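Below is one structure, written out as structure tokens, with a few remarks after it.
The values are calculated or read from the model by the stated rules, or taken from the named source; none is laboratory data. Worth saying up front: this structure is predicted, and the values here are computed from it rather than measured.
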Amino acid sequence: MRSGTEVYKRVAERCSSYDKKDKKDAFTNIANDQKSCLTCRHFAEDEHCRLDLYDPIAKNLGC
């Protein structure tokens, strides 16, 4: 699913299940206070949403 950083931010902003993970769990170098799929507990290290919410939200955004 690897998308650009901006798309991950837009999707996370519209996701009702976004759950910020702790800094110690972050696997990216993105600032941990930034809302993004990359900073969500439900987003796996292989860059997919464990709740399968990414695709419907991205589709709604026209991504």
Mind listing just one residue for me: the one in segment 45-63 that is within 9 Å of the chain's Cα centre (by Cα) and in a loop (DSSP other than H, G, I, E, B) and, of those, farthest from residue 4 (Cα to Cα)?
48
Whichever residue in segment 1-34 is modelled with pLDDT of 95 or more and part of a loop (DSSP other than H, G, I, E, B) and, among such residues, is farthest from residue 56 (Cα to Cα):
19
